[in-house]
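Peer 1: Mind looking over this structure? Questions follow.
Read the figures in this text as sums done on the coordinates, not as results from a lab. This one's a predicted model, so the numbers in the text were calculated from it and none came from an experiment. Every residue, glycine as well, gets a Cβ built from its backbone with ideal geometry; the counts of neighbours run over all protein chains shown.
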Amino acid sequence: MMSTNMTTETPPAPASALKNLGEVRAMIKRHKLNDYMFSLIGLLALTLALLTLLTLFTDLVMDGYQRFNMEFLTEFPSRRAAHAGLLSAWVGSALVMLVTFLVAVPMGVAAGLYLEEYAPKNWFSDLIEINVTNLAGVPSIVYGLLALGLFVYILDLGQSILTAGLTLGLLILPIVIVSTRESIRAIPIAIREAAYAVGATKWQVVYDHVLKYSYGGILTGVIIGMARALGETAPIITIGALTFIAFLPPTPVTDVAPFINFEWLSSGFTVLPIQMFNWLSRPDHAFHINAAATGAIIIVVTLLMNGTAIYLRYKIRKNIKW
Amino acid sequence: MIKPTTPIKAESRNLNFFYNGGNHALKSVSMPLYENKITALIGPSGCGKSTFLRCFNRMHDLYPGNKYQGEIVMHPDNTNILEQGVDPIEVRMRISMVFQKPNPFPKSIYENVAYGLRVRGENNKRMLDDKVEEALKGAALWNEAKDRLQDLAFNLSGGQQQRLCIARALATDPEIMLFDEPTSALDPIATANIEELMSELKQKLTILVVTHNMQQAARVSDYTAYMYLGELMEYDDTNTIFTRPSRKETEDYITGKFG
Amino acid sequence: MNTATTMLEQSINLTISPRLAKNIRRNIKERIIEFMLMLAALSAVFTTLSIVGVLLYESLSFFKTVSVVDFFTDTQWTPLFEDAHYGILPLVSGTLTTSAVALAVTIPIGTIAAIYLSEFASHKTREIVKPILELLVGVPTIVFGYFALLFLTPILQKIFPDLPGFNMLSAGIVMGIMIVPYIASVAEDAMRAVPMSMREGSYAMGATRFQTAVRVVTPAAISGIVAAYILGISRAVGETMVVAVAAGQQPIVSFNPMESAATITAFIVQVAMGDLPHGSIGYQSIFAAGLVLLMMTLCFNILGHMLRKKYHERY
């Protein structure tokens with residue numbers, strides 16, 4: 001068993017220690033059984049969480065596979081389930097997302113820059129910080145109520161693409177602000193000092209260095225925020241956008257001067273999750289198939305977006321040079 | 001010189017240790033720990049003295065990829081505690097450890113000391129009360145703590161916390177106690193307390209202590225080992241090491257020419 | 001000395017003066033930029049103020065018609081009927097019941113998953129599972145609504161034949177599973193923040209993994225774990241689509257998950273889907289309901305963040 005090469009004499013063992021050794025071993029064995037059992041339970045809990053997504057996705061694909069064809073993407077919604085399509089929904093989603101992007105990204109990045117680089121550390125920045133934290137936890141439907149009261153009626157923007165884009169823009173603003181701040185914070189102070197030392201102004205330091213080096217991290221937050229906006233349903237329902245939309249908004253680009261128009265902003269619209277909800281809340285099972293197919297598409301797109309973001313963040317963390 | 005009749009409590013034989021990634025941190029270290037004696041490990045940082053100490057309670061098993069080679073044999077039962085079949089938990093129940101920085105648990109003073117016993121399945125209140133009192137007395141903390149046993153351990157001072165950790169290690173009647181630079185985070189008065197405590201503890205058990213502080217090694221230990229770059233350079237009784245070291249390197253380190 | 005200064009001034013005047021002028025322009029530009037960035041940062045404050053303002057404004061009109069006492073004590077919520085009642089209790093009971101079911105599912109599973117991930121799983125497993133959890137957090141909730149209505153409810157109906165097609169049980173369970181990744185992820189972060197020295201202290205006493213996890217790491221991370229629960233509750237309370245699709249729309253005071261009942265959020269969706277004229281009492285009622293919802297989630301969020309901060313300060 002082991003090489004015993006005793007050169008020194010040893011006194012008789014203290015009785016207690018050795019007599020107990022057998023007992024101790026039995027006890028350890030019992031305790032280790034708990035370890036194994038918990039490992040099993042833990043693995044089970046984790047798998048349950050992970051398998052749910054798989055089940056969910058499989059279920060959607062199984063229910064909706066009949067509608068996976070081009071027609072589904074090129075047809076308008078219809079009263080006949082088998083010919084109803086997603087055309088107005090995905091175009092609407094794309095346009096709403098465009099507005100959301102234009103609202104959330106400049107404002108969120110600017111706010112993040114201000115809070116990290118400019119804001120004095122006093123009650124004022126604390127106030128903004130508390131606001132951002134709390135906004136991140138406000139239920140999305142409350143943003144819908146804000147939009148209904150403020151954008152739809154007070155500002156009279158109607159149930160339009162602009163209203164939806166603004167609403168979702170405000171909704172994902174905290175995500176963009178937080179990710180901007182986090183990636184800015186990762187830049188060492190030495191980089192800023194180096195830039196100042198060659199005579200750069202504050203804005204030059206911020207724009208040429210801070211912003212450029214934190215680009216990847218900001219992008220991660222933007223993608224996650226956009227994925228969230230794509231899947232959000234409640235605030236858009238709340239502004240009253242759940243109507244039958246079998247037309248496309250006017251195109252943003254035209255062939256007559258000045259080549260772009262903004263009529264589409266005030267157009268009525270529908271988006272993917274709304275269309276899914278619409279089909280899902282009908283009693284006719286034929287429409288549930290459409291809902292399943294739409295759900296599968298939404299899942300694939302959001303997973304792709306979030307996956308890209310997580311991969312990006314992983315790459316950035318690995319490549320950090322300072 | 002070393003009296004050949006002193007019983008050995010444990011000894012390492014040709015102990016090699018590799019960290020995850022292949023860093024060869026201990027190179028064929030063979031060294032005894034004499035029963036009821038204090039053995040001090042000294043050497044410059046990175047020399048492997050903490051690594052060596054942490055082999056004795058298989059602490060390296062907590063991190064994947066670490067590898068032992070050779071033996072650490074415990075007497076009198078001749079168990080090689082590094083052997084595959086030996087459970088590290090069993091080893092840790094026989095050999096307890098006090099860390100560099102006091103690391104009490106977020107529990108009451110009482111529960112901190114009782115932890116080792118509870119882990120062993122002991123829940124008898126009378127038994128626990130007695131053991132906690134005995135351990136706190138053994139760690140010279142009883143007088144300060146007896147009226148606040150239910151206080152959170154974090155409320156104690158640094159020196160008190162370290163004595164609490166000693167009480168925690170003591171409560172389970174270990175055969176060997178390992179001290180990994182136990183006073184490096186403490187002020188001089190707390191340090192003196194701990195050193196005094198160690199000298200008392202050796203009546204009951206065997207002590208291995210890593211120290212950065214050579215005066216400390218000279219003050220408390222019976223035997224001293226000087227390690228350098230993962231190798232055991234010299235081992236002897238403390239008096240000899242500090243007065244007539246046989247190697248030039250040891251002398252240089254002790255006299256502060258390097259390290 | 002004096003001459004030297006004069007000479008210096010002269011030379012500055014001669015060579016640097018155009019750049020000094022530029023300097024002022026530069027300063028103005030910098031100031032403008034800073035001001036604009038500040039405006040952007042203020043958008044967060046503006047959003048909060050707008051939310052509170054809109055909800056309060058419409059709710060005040062609502063409370064001109066409906067007494068606050070009735071609002072909080074009446075057990076019927078029928079704002080769209082002839083005989084209109086405006087008691088928020090049915091909606092609150094629906095919200096609390098679905099949330100309670102969700103918590104009963106999510107707290108055990110989420111906690112066990114977090115402990116497993118933090119204390120038992122290998123480094124490699126953790127590296128793979130953590131991103132997947134984050135992915136799951138991003139799945140749109142409408143999809144989970146589909147799952148509750150058309151996947152889980154039929155299965156549950158096989159077990160409980162009396163279960164109505166819309167019920168709080170199915171919605172609650174799905175909501176619970178939906179929140180698991182979030183709770184597991186936040187709780188795991190809290191447990192990883194417990195210093196390794198504390199784990200070593202426990203292992204050195206001969207503790208097993210399970211003993212270390214349950215007796216040392218969990219108590220040390222408890223404020224972070226509870227924060228995860230509370231932020232999870234806030235999510236359940238504010239969740240809309242799952243309950244709107246699967247829990248039903250009858251506002252009744254019931255804490256029986258086997259029944260069909262409306263939550264605050266489901267009611268808002270229901271009204272918004274209809275065609276209520278702007279300014280009517282029915283229109284105003286959703287803002288009053290929204291105000292209650294905001295207050296509930298706000299309390300949970302503030303509590304959760306305070307607890308999170310507490311454990312951040314400790315380590």
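Peer 1: What shape does the stretch A:45-172 have by the C-alpha gyration tensor, where a ≥ b ≥ c are the square roots of the eigenvalues, rounded means a/c under 1.5, and otherwise prolate means a/b greater than b/c and oblate the rest?
Peer 2: Verdict is oblate for the stretch A:45-172.
Peer 1: Just need log10 I(q)/I(0) for the stretch A:25-67 at q = 0.17, 0.24, 0.30 Å⁻¹, Debye formula, equal scatterers on the alpha-carbon atoms, no solvent, rounded to two decimals.
Peer 2: Debye output, listed in q order: -0.60, -0.78, -0.91.
Peer 1: Could you tell me the calculated FRET efficiency between residue A:79 and residue C:27, based on Cβ-Cβ distance and R0 = 56 angstrom, to the nearest 0.05? Before the final figure, lay out the partial values.
Peer 2: Values: r = 65 Å, r/R0 = 1.16.
With a Förster radius of 56 Å, E is 0.30.
Peer 1: Related question: Between residue B:78 and residue A:29, with labels modelled 7 Å along Cα→Cβ, what's the label distance in nm to one decimal, could you check?
Peer 2: 2.4
Peer 1: Just for the Cα atoms in the protein assembly as shown, what are the lengths along the principal axes, largest first, rounded to whole Å?
Peer 2: Here the spans come out as 102, 101, 56 Å, largest first.
Peer 1: Over the alpha-carbon set of the stretch B:162-204, divide Rg by the Kirkwood Rh and report the Rg/Rh ratio to two decimals.
Peer 2: 0.94
Peer 1: Shifting gears a bit: Step by step: find N for chain B, compute 2.2 N^0.38 Å, then divide the Cα radius of gyration by it. What's the final number?
Peer 2: Working: Rg = 18.2 Å, N = 259, 2.2 N^0.38 = 18.2 Å.
So the Cα radius of gyration is 1.00 times the expected 2.2 N^0.38 Å.
Peer 1: Can you tell me the orientation of helix B:109-119 relative to chain B, as the angle in degrees between its alpha-carbon axis and the longest Cα principal axis, to the nearest 10?
Peer 2: For B:109-119 against chain B, the angle is about 70 degrees.
Peer 1: Can you give me the Kirkwood hydrodynamic radius for the stretch B:35-154, using every pair of distinct Cα atoms, in Å to one decimal?
Peer 2: 16.9
Peer 1: Further, regarding this structure: For chain C, what is the mean residue ellipticity at 222 nm derived from helices alone (per DSSP H run of n ≥ 4: -39500 (n - 2.57); sum divided by total residues; nearest 500 deg cm²/dmol)?
Peer 2: Calculated mean residue ellipticity at 222 nm is -23500 deg cm²/dmol.
Peer 1: I would also like to ask the following. Charges at C-beta only: +1 for Lys and Arg, -1 for Asp and Glu. How large is the resulting dipole of the stretch B:62-167 about its Cα centre, in Debye rounded to 20?
Peer 2: The dipole magnitude comes to about 280 debye.
Peer 1: Right, something else. Once you've got the GNM for chain C with C-alpha springs shorter than 10 Å, pick whichever of C:68, C:226, C:217 has the biggest mean-square fluctuation.
Peer 2: C:68
Peer 1: Just for the stretch B:8-254, what percent of DSSP beta bridges are antiparallel, to the closest 5?
Peer 2: 60
Peer 1: Output the DSSP H helices from chain C with an along-axis C-alpha extent of no less than 30 Å and a mean Kyte-Doolittle hydropathy no less than -1.0.
Peer 2: Those that clear 30 Å and a mean of -1.0 are C:17-65, C:89-115, C:168-192, C:281-314.
Peer 1: If the chain between residue A:40 and residue A:196 were fully stretched, how many nm would it gain, using 0.36 nm times the residue separation less the Cα-Cα distance?
Peer 2: Once the chain is fully extended between residue A:40 and residue A:196, it gains 50.5 nm.
Peer 1: Using the Cα atoms as the points, what is the convex hull volume per residue of the stretch B:110-259 in Å³?
Peer 2: Once divided by residue count, the hull of the stretch B:110-259 is 126 Å³.
Peer 1: Just to be sure I understand: with springs between alpha-carbon atoms less than 10 Å apart, which residue in A:60, A:166, A:312 has the highest mean-square fluctuation in the Gaussian network model of chain A?
Peer 2: A:312
Peer 1: Let me ask another. If each residue's Cβ is checked for other Cβ atoms within 10 Å, how do A:226, B:227 rank with the fewest at the top? Mind showing how you got there, number by number?
Peer 2: Working: A:226 23, B:227 26.
Ranked by crowding around the Cβ, least crowded first: A:226, B:227.
Peer 1: While we're looking at this one, here's another question. Provide the gained length on full extension for the span residue B:101 to residue B:123, in nm with one decimal, where the gain is 0.36 nm per separating residue minus the Cα-Cα distance. Walk me through the intermediate numbers first.
Peer 2: Numbers: separation 22, 0.36 × 22 = 7.92 nm, distance 2.87 nm.
Residue separation times 0.36 nm, minus the Cα-Cα distance, leaves 5.1 nm.
Peer 1: Further question on the same structure: Suppose the Debye formula is applied to equal point scatterers at every Cα of the stretch A:70-319; what is log10 I(q)/I(0) at q = 0.10 Å⁻¹?
Peer 2: Log10 I(q)/I(0), no solvent term: -0.58.
Peer 1: Can you say what percent of the DSSP beta bridges in the protein assembly as shown, counting only those with both residues inside, are antiparallel? Round to 5.
Peer 2: Values: 25 of 42 bridges.
Just about 60 percent of them are antiparallel.
Peer 1: Hey, rough spin-label estimate for residue A:154 and residue B:14, points 7 angstrom out along Cα→Cβ, what's it come to in nanometres?
Peer 2: My value for the distance between the label points is 8.3 nm.
Peer 1: Measure up A:32/B:146; B:146/C:310; B:131/B:202 against 25 Å on the Cα-Cα distance and list the ones that go over.
Peer 2: On the way: A:32/B:146 34 Å; B:146/C:310 29 Å; B:131/B:202 19 Å.
Distance filter (> 25 Å) returns A:32/B:146; B:146/C:310.
Peer 1: Test of understanding: express the Cα radius of gyration of the stretch C:89-314 as a ratio to 2.2 N^0.38 Å, with N the residue count. All intermediate terms of the calculation are to be shown ahead of the outcome.
Peer 2: On the way: Rg = 19.8 Å, N = 226, 2.2 N^0.38 = 17.3 Å.
Normalised by 2.2 N^0.38 Å, the Cα Rg of the stretch C:89-314 equals 1.15.
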